[in-house]
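Here is the structure we will look at.
The values are calculated or read from the model by the stated rules, or taken from the named source; none is laboratory data. Here the structure is a predicted model, which means the values were calculated and not measured. Because the Cβ atoms are built from the backbone with ideal geometry, glycine has one as well, and the counts that use them run over all protein chains shown. Protein only, heavy atoms only, side chains kept; ligands, DNA and RNA dropped before computing areas. Shrake-Rupley method; radii C 1.70, N 1.55, O 1.52, S 1.80 Å.
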Number of protein chains: 2
Amino acid sequence: MGRYSLGLDYGTNSVRALVVAVEDGRELASRVHNYARGEMGVITDPANPHVARQHPLDYHEGLEASATGALAAAKAADPAFDPADVVGIGVDTTGSTPIPVDEDGTPLALLPDFHDNPNALAWLWKDHSSMAEAERITALAAEHRPHYLARCGGTYSSEWFFAKILHCLHVGADVFDAAYSWVEFCDYIPALLAGDTNPDRLLRGVCSAGHKAMYADDWGGLPDKGFLSMLDPKLADLRDRLYTKAHAADTPAGKLCPEWAAKLGLTPGIAVAVGAFDAHMGAVGSGVKPGCMVKIMGTSTCDITVGARGEAAAEIPGVCGIVDGSVLPGMLGVEAGQSAVGDIFNWYVLQVCQGDNDLHNLLTAEAAALKPGQSGLLALDWNNGNRCVLVDARLTGLLVGQTLRTTRAEIYRALIEATAFGARAILERMAEYGVPLERMVACGGIAEKNPFMMQTYADITGQTISVASSSQTCALGAAIFGAVAAGVYPDAAAAQAAMASPTSATYTPDEGRKAVYDELYALYRRLHDAFGVAGASEPLYDVMKTLLDIQQRSA
Amino acid sequence: MGRYSLGLDYGTNSVRALVVAVEDGRELASRVHNYARGEMGVITDPANPHVARQHPLDYHEGLEASATGALAAAKAADPAFDPADVVGIGVDTTGSTPIPVDEDGTPLALLPDFHDNPNALAWLWKDHSSMAEAERITALAAEHRPHYLARCGGTYSSEWFFAKILHCLHVGADVFDAAYSWVEFCDYIPALLAGDTNPDRLLRGVCSAGHKAMYADDWGGLPDKGFLSMLDPKLADLRDRLYTKAHAADTPAGKLCPEWAAKLGLTPGIAVAVGAFDAHMGAVGSGVKPGCMVKIMGTSTCDITVGARGEAAAEIPGVCGIVDGSVLPGMLGVEAGQSAVGDIFNWYVLQVCQGDNDLHNLLTAEAAALKPGQSGLLALDWNNGNRCVLVDARLTGLLVGQTLRTTRAEIYRALIEATAFGARAILERMAEYGVPLERMVACGGIAEKNPFMMQTYADITGQTISVASSSQTCALGAAIFGAVAAGVYPDAAAAQAAMASPTSATYTPDEGRKAVYDELYALYRRLHDAFGVAGASEPLYDVMKTLLDIQQRSA
């Protein structure tokens, strides 16, 4: 075929562009652009540790730099490559990352009046300043619209669309009032490329609309005005300026506009697909299908699978979202995840140990030399709250079992184990609700770089885990949808069959280690419930003693 | 008067000799000898983290080196000083640190047959390998001799005499069988100086005999043979080779023998006082009396006060020991303590942060710049178990409240606060049982060196705390008893009045900080009970959330 698709993958700290051959998914070249502003792209507030924002200019600059860089690199890698052979563009971003925009769809942060206003920035997924609003939405929905809540795991999160907008209304009324509409990051970029960001016209993706904006076709789209007006009448008014219909990522969002075609060196008019969240695209790039769960493992972790309509449970408590078409068109997308994984190890190494990447490697090697249970330690992986299955940002980390001999490598291992226990809790919840699981595919930096951690995940979850060969499954997934939007393939499944990543390393659970981890996991669950479940009253007197017993046996 | 007393203070890592003027307690000179063997004097077992032993040769070598060094330094400091003016010697040591000895009182470790046998060494106070035996003793006493248990806080500790001896019987029967008797470290040194270590003749101190060997005059000395035989018939047999009467430290243990007089350059025949534990002597050196509690703050912490017979409660649950004459003759000595304080900060700085003493200073400065509650953290101070008020070695550390922004200085502060919460728990228990408390005097390295920590203790306990001017209150207390044994003073109170240390800095609680700490302490108590009290079933769901609330208010 000799044609190409461009996948754009906007992460938390950088954006990556990937040039992919539509014939076989071969990755020709890629380029990463690191955001220039804030701390690695994240604009924080010294007075409020929960604030995490981004500047839309970083998105614009990153778009041009990464795409032109990737195209140039593709040309360098293969002199036969011609940017004119790029037939489609797919986009994924972090989310829920809503951006307040004016009537033209211009982010308020780009207007002089709001130049210095942090509330006018993009509200990054990991901004947790809206915890009170999330609790209010959860409480109101529990009372008046339980069906909204059931679809998003039982609890609305401070990371999501309406919590953030309501918080803006509370703390930044000037921005709220000036915003004609709010647009998800992943919808904004395709609209920008298509040359029309008008909020009333741009196509919204169902992936972001899904549970994060409580959108569902079966209840008429977004939450009804009666519900929103209970939160605030202004929020109900805003509903008229949002959208009524959301689309899967195989839908063309528009055609590449001449202005951006010129900036990027591409052909005007090529297809731009509707955007989606990075994890969902990563799942597609990793070959997600019914029975296959994809774990995208990085600073945080997403667990994505799909189920046939009518077969998979439409509602699973504590599993963040089940949305029709959010991953693959025509299927229920099932999304769970952990709000911090790599971030916890980074916190420990950078902040506590004041080390660097070499220390990650050293501690991994030292941790790998230990046996399960040998440290006597047990941790909860909640340093950034718990996304699933508790859906509670107001939870924090915990470490128990320290003695005067506890080493820093033991703590590092306990933190790794804690994230794997959290992963197991999600798998068990899905299994309880009949989500089929025959294989797991992991992708992302940790999956590639840390065999010890992957083996630990296999041992703790009892699942065989393969690692996707591609290092950029999110961008690859975006490129797959770029190819579908361009009409190269009849549907996403066909494009996936041709283009999705193969797998490389495979990790199989060790029964001996799993037996010890089963004991530790039982203790993890008791701490999990004691600190994380309202009304729980768990006797914990034996926890420290049982850890000492396990340690003694492991020695 | 122009006369002097020599105080010998055997600590965990070193021994100090102090030359004191008996007239006014002036400290003429001192010398420290660091033990040569093991890790800073502590011989450990890589296969069992609970083992902590010491070699008696370190005690012999340290005696000669520290005493001759101090006497030489005294001569250098004051050319008028003459070693012939030393009229008495007092001794304190760590404890319970029992030593297996032969019929002559020679430690088995000094015999060729047991040269390499770790069980033949001195069993250092912080050796926790006897946890199972301590639990067995507690269980048996609870059933058959509850009065034994009541005097030692309700739980017999793995740090104590009979638990260690019974463990030796279980794991090192060769040593147990070869031991004619077992002698406490603090009784061995005076006997050595007096030239007669014969176990049947040497005088045992009531300070070590007291609750640690379950000795009390009112039940006829040591535990009865019926009780001991329930533990093991061999233990009952051993009772005949222990002792029937224990003595307060104002009793002369003997006269300095010619051999040691020659080694040390002192006059043969001067008085050697009965030995006692370091903390008890430190309390005496710091001026302990009814209404005044002395906190000896170092790697671990001891809280010592005294009460008039018949007025102070003779039994306080969870307060390790109340022993007649253990501190001051004729009064009830009340002893509590925390099994790790400075050791926890050292563990964190050395093991986790891999820093040094400079890092202690840096983290102290950074921690001091924070406000109470600002970190969102809460810790339990149980990295070395809990001596009071839970009396349970099988407890471990806990840290809760970590986020991705938690700094290492915040953790350092949380650990300091945790030890102060533990100190408060002890004070509250004593207050419940009517122990009068009008003032606190702190001594030891931490009290002198860390004003931030002392202020935090004042804020958290709500008590005004003065710091003893003397840096060697333990050796000073020993010297006070050396003077009494020599007949310089009619009793310990008179000697104390003349010789005990004045105080320097005073720390007063800040009401604003105390109010925040009261909230944190309430949470500490709930974690304390949930993990530390059998049968407790404490709801903990709000703990992380309340910490976040307090943090928010503190910002």
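Beta bridges per DSSP, both residues in chain B: antiparallel share near 70 percent. Over chain B, dividing the summed -39,500 (n - 2.57) contributions of all DSSP H runs of at least 4 residues by the number of residues returns a 222 nm mean residue ellipticity of -11500 deg cm²/dmol. Amide H contacts under 5 Å for B:Glu184: B:Ile99, restricted to partners 5 or more places along the chain or on a different chain, H placed in the peptide plane at 1.01 Å from N. Taking Cβ atoms as reference points and 11 Å as the exclusive limit, the residues near B:Ala209 contribute a net charge of -1, counting Lys and Arg as +1 and Asp and Glu as -1. Near A:Tyr517, once Lys and Arg are set to +1 and Asp and Glu to -1 for all other residues with Cβ below 10 Å from its Cβ, the sum equals -2. Here the range A:65-87 and the range B:398-456 have alpha carbon centers that stand 63 Å from each other. Relative to the longest principal axis of the Cα atoms of chain A, the long axis of helix A:543-554 lies at roughly 80 degrees.
In terms of its C-alpha gyration tensor, the range A:4-277 has a prolate overall shape, because the principal axis ratio a/c (a ≥ b ≥ c, square roots of the eigenvalues) is not below 1.5 and a/b outweighs b/c.
The equivalent ellipsoid of the protein assembly as shown has semi-axes of 69, 28, 26 Å, largest first, where each one is the square root of 5 times an eigenvalue of the Cα gyration tensor.
What separates the Cα centres of the range A:325-363 and the range B:502-544 is a distance of 33 Å. Using a cutoff of 8 angstrom between alpha carbon atoms and counting only pairs six or more residues apart, the relative contact order for the range B:4-277 works out to 19 percent. From Cα pairs below 8 angstrom and at least 6 apart in sequence, can you work out the relative contact order of the range B:317-430, rounded to a whole percent? Relative contact order here is 31 percent. Across the range A:389-397, computed HN-Hα scalar couplings (Karplus, 6.51 cos²θ - 1.76 cosθ + 1.60, θ = phi - 60°) run 9, 9, 6, 8, 6, 8, 10, 9, x Hz from first to last residue, x flagging Gly and Pro.
Sorted shortest first, the separations between the A:Asp510 label point and its copies elsewhere in the assembly read 5.1 nm; each point sits 7 Å from Cα along the Cα-to-Cβ line. The spacing between the range B:217-276 and the range A:242-260, judged by their C-alpha centroids, is 91 Å.
For the range A:4-277, DSSP calls about 70 percent of its internal beta bridges antiparallel.
Which of rounded, prolate, oblate describes the range A:1-129, given a ≥ b ≥ c as roots of the alpha-carbon gyration tensor eigenvalues and a/c under 1.5 marking rounded, otherwise prolate only if a/b is larger than b/c? Verdict is prolate for the range A:1-129.
For the peptides A:423-434, A:103-114, A:200-211, B:277-288, the ranking by mean Cβ contacts within 10 Å, running from highest to lowest, is B:277-288, A:200-211, A:423-434, A:103-114. Ordered by solvent-accessible area of protein heavy atoms (1.4 Å probe), largest first, the residues A:Met40, B:Met453 come out as A:Met40, B:Met453. Inter-copy label distances at B:Leu437, using a point 7 Å along Cα-to-Cβ, come to 5.1 nm with the shortest given first. Phi angles of the range B:291-296 translate, via the Karplus equation with coefficients 6.51, -1.76, 1.60 and θ = phi - 60°, into HN-Hα couplings of x, 10, 9, 10, 9, 9 Hz per residue; Gly and Pro are given as x. With the label put 7 angstrom out from Cα along the Cα-to-Cβ vector, A:Glu315 ends up 5.8 nm from the copy partners, going from closest to farthest. The relative contact order of chain A comes to 16 percent, based on Cα pairs under 8 Å that sit 6 or more residues apart. Computed over neighbours whose Cβ is under 12 Å from that of B:Ala236, the net charge equals 0, Lys and Arg +1, Asp and Glu -1.
Rounded to the nearest 20 debye, the dipole magnitude of chain A is 840 debye, with +1 charges on Lys and Arg beta carbons, -1 on Asp and Glu beta carbons, and the Cα centre as origin. Among the listed pairs A:Lys212/A:Lys263; A:Lys295/A:Lys514; A:Lys263/A:Lys295; B:Lys371/B:Lys449; B:Lys225/B:Lys245; A:Lys255/A:Lys289, those whose Cα-Cα separation exceeds 26 Å are A:Lys212/A:Lys263; A:Lys263/A:Lys295; A:Lys255/A:Lys289. Sequentially through the range B:62-69, phi angles give Karplus couplings (6.51, -1.76, 1.60; θ = phi - 60°) of x, 4, 5, 5, 6, 5, 5, x Hz, Gly and Pro residues having no value and appearing as x. If both residues of a DSSP beta bridge must be in the protein assembly as shown, then about 70% of such bridges are antiparallel. The mean count of C-beta atoms from other chains within 10 Å of the C-beta of residues in B:404-411, rounded to a whole number, is 6.
Full extension of the chain segment joining B:Ala522 with B:His115 gains 141.4 nm, where the gain is 0.36 nm per residue of separation less the Cα-Cα distance.
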